[in-house]
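The values are calculated or read from the model by the stated rules, or taken from the named source; none is laboratory data. Owing to the predicted nature of the structure, the values given are computational and were not obtained by experimental measurement. Please note: Cβ atoms are built from the backbone with ideal geometry, for glycine as well, and neighbour counts cover all protein chains shown. Calculation scope for accessible area: heavy atoms of the full protein, side chains included, ligands and nucleic acids excluded. Shrake-Rupley method; radii C 1.70, N 1.55, O 1.52, S 1.80 Å.
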Amino acid sequence: MLAFLKKPVVVTAEINMNLVALTVIGLVSRLWGLSYPRAVVFDEVYYGQFVSLYMKRIFFVDDSGPPFGHMLLALGGYLGGFDGNFLWNRIGAEYSMNVPVWSLRLLPALAGAFCVPLAYQILVELRFSHCAALGAALLILLENSLITQSRFMLLESILIFFILLAVLSYLKFYNLQRHSSFSGSWWFWLLLTGVACSCAVGVKYMGLFTYMLLLTIAGLHFWHMIGDQNLSNVSLMCHFLARGLALVIIPVAMYLSFFYVHLTLLYRSGPHDQIMTSAFQASLEGGLARITQGQPLEVAYGSQITLRNVLGKPMQCWLHSHTNTYPIRYENGRGSSHQQQVTCYPFKDVNNWWIVKDPGMQQLVVSNPPRPVRHGHIVQLVHGITTRYLNTHDVAAPLSPHSQEVSCYIDYNISMPAQNLWRVEIVNRESDTDVWKTILSEVRFVHVNTSAVLKAIIFYFQLSGASLPEWGYRQLEVVGEKLSKGYHQSMVWNVEEHRYGKSQEQKEREVELHSPTQMDISKNLSFMAKFTELQWKILTLKNEDTEHKYSSSALDWITMDTNIAYWLHPTSGAQIHLLGNVVTWASANVAALVYTCLSLWYLIRRRRKIYDIPEDAWQLWVSAGGICVGGWAVNYLPFFLMEKTLFLYHYLPALTFQILLIPIVLQHLGNHLCRSLLLKSMFSALVVAWFSSVYLVYRTFSPVTYGEPSLSITELKDLRWKDSWNILIRKQ
């Protein structure tokens, strides 16, 4: 039974020393002097704010993309013991001692370092030689722009890492497909493809481009499998379900999990609350939750409420009135009703309170038991402080003459009777008998007499800066929108603060309106409701795009006619720039052009039944182009359709794919176009000379890649190889 002890236990392993060496060199190139400079570098001023908010568990919204990348940066801060206390307000500001600079920059640097061995493995899996794979890895290693971008608290290196990991995983899965389907390694690489794709999308939405590319390639591969008569219908269905699980269901589930963790971590109220709905705000600790916690859930006749416009941007505002009236005549000569003004006020105020009244009864208190208001019920809204009724009539609004004026009715004993009946329409109702609920219900108020809808003019304020004149205290206009067929959030309101009114006398009621609400009913949102709202805000929220000193167009990137100054030493000439290796960028463009021309030539010749290269070489050429040229195209061309401020670093994912194409084209030229031994020798010599120039350019620009050593004015001027480059030179 113990016979196995007579022989030693032997473990054998194959170690690719090329891979080990590339990984070590990649780590050294990205981690060396990582804490330098100990100052805020370019977009660290942007991402650092979110890291601090994570450390303090304060909710925020970033319209640039999903939260996974921000969480990875925050993980670095957490591992370094960062407490979040630093004012991220200026590029170049010195970090205080409590900021763990090395830890904050560690994960982007590791991601950038691991891109080097990933590039090597991708070319090996594409069935190219180890020499070509080594060349691809060294080109990534010596690319100055990739080094610069990976050494700071930025997201592009993490994005590129997950993109390359997804590509490598799919290639390994596909190569295993031929002889070991449904094996453990087959499942591992297929599942890792989906995981890497979801991580890429979770870092930045740019990752979606590569994800779509891989889905397309996987679809084409499966289409070819359908034509394989050796596969049964059951086997095809299993392959289809496996791919659907790994490449669709798991990425979607992981994407949701990023938001789940994000919302779990950020449970405290913060500066970005105001763009979220009242229900979302009330789910956060502090802020609105401190005011609304425990309010009555169901709005009843006699309820005292504040009504917040659902749109919430560019600023939140509440339905408001005050004792002042509209002027008899406006500056343009148009007349008004001279009724009490109704506005949308962007601050909490006692004049934001309204009482929901039953038109058939006089009481302004909640009965016992309360009578809830339901969808379709007719109500009157009484202003809490002035006790005047919300009203609209066929009089043009002050700033929007195509809409009706909204006012609180004053009886002047003239031929203008009150028209103060409103129908409650719950927009997000589940049935026509739904009860109007605090915070949760989104309602429209439809005027019974004219069918106009109560609307806040917030977009006009956002676009043109228009607000009511001095007589309206510069508050936002509220109108009755006659054209109410369309749905817009500016027509939708929700109850934010709510209490059951108890005082029938006006003086007692005013005291009640000034007092805080304290009742015990919880209104927590589900995760999916919070996710849906946050996702919608990320996709639709747009900060004003302003022209940046270092912004550029997509056309500038190909020839690197632009650069970005990331950091400048306060006293010396030391500086860091996002600048690429000129030889590599030019070679990548040439490689893409050569690949395109050769592919067209081969296609035309093959159409004429002329085969210049063997079939296996052609398949290798096409598959490599699908990955590299396709990856470049999907990560570059969409920027021509984007209306946003663009920077050179947006091109780095596309550039990475283009760099991988260089050794592919070189190997193809050497194997199939250089037929004689002399041509092969000359070609090899040219490749060595070319690669030497890549290294020399890398060394030349290293001082502005790593920020040291400091260069003299003459040396800095010598680095300005293009007039469009902005190399910073101090005036003497």
Requested in this report: Give the carbon-plus-sulfur fraction of the accessible surface of the chain in %, rounded to a whole number; probe 1.4 Å, heavy atoms of protein chains only.
Outcome: 61 percent
Report summary line: Excluding residues fewer than 8 positions from Lys455 in its own chain, the aspartates and glutamates with Cα under 19 Å of it are Asp394, Glu405, Glu425, Glu442, Glu477, Glu481, Glu496
Report summary line: Taking region 102-186, the whole-percent share of alpha-carbon pairs separated by over 22 angstrom is 34 percent
Query raised in the report: Once label points are set 7 Å from the Cα along Cα→Cβ at both Tyr695 and Arg38, what is their separation, rounded to one decimal in nm?
Result: 3.5 nm
Requested in this report: Go ahead and run the numbers for FRET between Met682 and Ser431, Cβ-Cβ distance against an R0 of 51 Å, rounding to 0.05.
Outcome: 0.05
Requested in this report: For the pairs Lys357/Lys482; Lys56/Lys530; Lys348/Lys437; Lys502/Lys530, note any where the Cα-Cα span goes beyond 29 Å.
Outcome: Lys502/Lys530
Report task. Leaving ligands, DNA and RNA out of it, work out the accessible area of Phe259 with a 1.4 Å probe and give it in Å² to the nearest 10. Result -> 0 Å²
Report summary line: In the chain the cysteines whose Cβ sits 4.7 Å or more from every other Cys Cβ are Cys115, Cys131, Cys197, Cys199, Cys238, Cys408, Cys597, Cys628, Cys674
Query - Signed unit charges on C-beta, dipole axis of the chain, positive-most listed residue Pro372, Ser415, Leu578 - result: Leu578
**Report entry** Net charge dipole size for the chain [Lys, Arg +1 and Asp, Glu -1 on Cβ; Debye, nearest 20]
**Finding:** 1460 debye
Query raised in the report: Residues of region 145-238: accessible area per residue at 1.4 Å, in Å²?
Result: 38 Å²
Requested in this report: Working with all protein chains in place, sort His70, His402 by solvent-accessible area computed with a 1.4 Å probe, largest first.
Outcome: His402, His70
**Report entry** Debye, to nearest 20: dipole size of region 121-239, +1 on Lys, Arg Cβ, -1 on Asp, Glu Cβ
**Finding:** 80 debye
Report summary line: Any aspartates and glutamates whose Cα falls less than 19 Å from that of Lys549, other than same-chain ones fewer than 8 residues away, would be Asp43, Glu44, Asp561, Glu643, Asp723
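If I take every Cα pair under 8 Å that is 6 or more residues apart in the chain, average their sequence separation and divide by the length, what percent do I get for the relative contact order?
Values: 1279 pairs, mean separation 102.0, N = 732.
Relative contact order here is 14 percent.
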Requested in this report: Specify, per residue and in Å³, the volume enclosed by the convex hull of the alpha carbon atoms belonging to the chain.
Outcome: 273 Å³
**Report entry** Where Arg499, Arg675, Arg730, Arg699 fall by accessible area, highest first, once all protein chains stay in place (1.4 Å)
**Finding:** Arg675, Arg699, Arg730, Arg499
Query raised in the report: Quick one: if you stick a label point 7 Å off each Cα along the C-beta vector at Asp63 and His672, how many nm between them?
Result: 4.8 nm
**Report entry** C-alpha long axis of helix 527-540 to longest principal axis of the chain, angle in °
**Finding:** 80 degrees
**Report entry** Computed log₁₀ I(q)/I(0) - Debye formula, equal Cα scatterers, no solvent, region 678-732, q 0.28 Å⁻¹
**Finding:** -1.14
Report summary line: Looking only at aspartates and glutamates whose Cα falls under 20 Å of Lys680's and that sit 8 or more positions away or on another chain, we get Asp612
Requested in this report: Grab the DSSP H runs of the chain that are 4 residues or longer, score each as -39,500 (n - 2.57), total them, divide by all residues and round the 222 nm result to the nearest 500 deg cm²/dmol.
Outcome: -14500 deg cm²/dmol
Report task. Report Leu555's accessible area, 1.4 Å probe, all protein chains in place, as a number in Å² to the nearest 10. Result -> 120 Å²
Report summary line: With R₀ set to 35 angstrom, the calculated FRET efficiency between the beta-carbons of Ala418 and Arg268, to the nearest 0.05, is 0.15
Requested in this report: Compare Asp394, Asp358 by solvent-accessible area with a 1.4 Å probe and give them largest first, with all protein chains kept in place.
Outcome: Asp394, Asp358
**Report entry** Average accessible area per residue (Å²) across region 354-421 - probe 1.4 Å, nucleic acids and ligands excluded
**Finding:** 43 Å²
Query - Rounded to 10°, Cα long-axis angle of helix 130-141 versus longest principal axis of the chain - result: 50 degrees
Query raised in the report: Using the alpha carbon gyration tensor of region 26-109, what are the three equivalent-ellipsoid semi-axes (square root of 5 times each eigenvalue), largest first, in whole Å?
Result: 20, 15, 13
**Report entry** Rounded FRET efficiency, nearest 0.05, which uses the C-beta distance separating His130 from Gln619 and R0 of 25 Å
**Finding:** 0.80
Report summary line: Once amide hydrogens are built 1.01 Å from N within the peptide plane, the residues lying 5 or more places from Trp567 or on another chain with amide H under 5 Å from its amide H are Ile576
**Report entry** Cα shape, region 321-406, gyration tensor, a/c 1.5 rule
**Finding:** prolate
Query - With all protein chains modelled, accessible area of Met17 [1.4 Å, Å²] - result: 120 Å²
Query raised in the report: Which listed residue (Leu679, Trp354, Gln177) has the Cα farthest towards the positive end of the charge dipole for the chain, taking +1 on Lys and Arg C-beta and -1 on Asp and Glu C-beta about the Cα centre?
Result: Leu679
Report summary line: In terms of the charge dipole of region 1-158, which places +1 on Lys and Arg and -1 on Asp and Glu at the beta carbon, the residue among Ser150, Asn18, Trp102 farthest towards the positive end is Asn18
Requested in this report: State in Å² the accessible area per residue of region 679-732; use a 1.4 Å probe, count heavy atoms of protein chains only, and round to the nearest integer.
Outcome: 63 Å²
Query - Angle between the chain longest axis and helix 44-55 axis [Cα atoms, degrees, rounded to 10] - result: 60 degrees
Query raised in the report: With charges only on Cβ, +1 for K and R and -1 for D and E, what is the dipole size of region 192-337 about its Cα centre, in debye, rounded to 20?
Result: 360 debye
